[in-house]
1. For the stretch 65-75, which residues satisfy the criterion of being farther than 28 Å from residue 188 by Cβ and open to solvent by less than 20 Å² (accessible area, probe 1.4 Å)?
2. Scan the stretch 140-150 and give yes if some residue there is more than 21 Å from residue 78 (Cβ to Cβ) and touching a Phe, Trp or Tyr at 6+ places or on another chain (Cβ under 6 Å), otherwise no.
3. Could you please let me know if residue 130 is of a type in the set (Val, Ile, Thr), touching a strand residue (DSSP E or B) at 6+ places or on another chain (Cβ under 8 Å) and open to solvent by 20 Å² or more (accessible area, probe 1.4 Å)?
4. Can you tell me how many residues within the stretch 24-40 are part of a helix (DSSP H, G or I) and among the hydrophobic types (A, V, I, L, M, F, W, C)?
5. Need pairs with beta-carbon distance below 6 Å; first residue free of Cβ contacts under 8 Å to residues at least 40 places away in the same chain and under 21 Å from residue 115 (Cα atoms) and within the stretch 74-99, second open to solvent by less than 30 Å² (accessible area, probe 1.4 Å) and among the aromatic types (Phe, Trp, Tyr); sequence gap 6+ or separate chains.
6. Starting from the stretch 1-23, take each residue that is assigned to a strand (DSSP E or B) and list its partners that are at pLDDT 95 or above and basic (Lys, Arg), counting only C-beta distances under 9 angstrom and pairs at least six apart or across chains.
7. Give me a count of the residues in the stretch 177-188 that are surrounded by 12 or more Cβ atoms within 10 Å (Cβ to Cβ), more than 15 Å from the chain's Cα centre (by Cα) and not in a loop (DSSP other than H, G, I, E, B).
8. Quick one: is residue 61 open to solvent by 60 Å² or more (accessible area, probe 1.4 Å), within 17 Å of residue 135 (Cα to Cα) and touching a residue at least 12 places away in the same chain (Cβ under 8 Å)?
Amino acid sequence: MARFGIDIDGTVTCPTSLLPHINEAFETNLVLDDIKEYDLTAAFPNDQMTFYKWFKEAEPKIYATSPIQEHAKRVLDEWKKHYELYFISARGENVSDVTLDWFKQQELHYDHIELIGSHNKVETARIHQVDAFFEDKHDNAVEIGEELDIPVLLFDTPYNRQPVPKQVVRVQNWKEADAWIKHHFPIK
């Protein structure tokens, strides 16, 4: 049975999840197309320390209220019967309860959830021997694909449109991810 490593934020959750919180806190009107870099502070005039301090305080509320991406639940519900689903996130252990509650509220199945507190997911993906990875952060996708020589499905957003190596497959949504997976990891 194939095992998938799946990022949570911006992959399972909508990439716009943070924006309402940022717009309210910093009195901006950002939309997803304004976010051209993963570093959100590049999109509006604010220093990184102020943003980081705000984010650490707002983090539990943001994660608790993050909407799930369209089609993600349907696809993941189907996959749970045929694949192992390992969620590997840069979230820290400090939001473990919020994360588990969110999965429960969404009624999302998982075989394993690991909150590594860092964007360096290569080692965790290697330890768990994932066969494919799902990500929205460009450099993570590239690093995982090249280091582990596995396919990484990169969910397209304005902040990750840099060139990608052959191991990285750009998808627009969960329906495309589902079609790609069923072609390359056929259900038996």
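1. Selection gives 66 alone.
2. Checked against the condition, which is being more than 21 Å from residue 78 (Cβ to Cβ) and touching a Phe, Trp or Tyr at 6+ places or on another chain (Cβ under 6 Å), the stretch 140-150 yields at least one hit.
3. No, not satisfied.
4. Here the count works out to 4.
5. So the pair list comes out as 95/63; 98/63.
6. Going by the 9 Å Cβ cut-off, the qualifying pairs are 5/121.
7. 6
8. So residue 61 fails the test.
The values are calculated or read from the model by the stated rules, or taken from the named source; none is laboratory data. This one's a predicted model, so the numbers in the text were calculated from it and none came from an experiment. Note: ideal-geometry Cβ built from the backbone for every residue, glycine included; neighbour counts use all protein chains shown. Remember, those area values only see protein heavy atoms, side chains included, never the ligands or the DNA or RNA. Shrake-Rupley method; radii C 1.70, N 1.55, O 1.52, S 1.80 Å.
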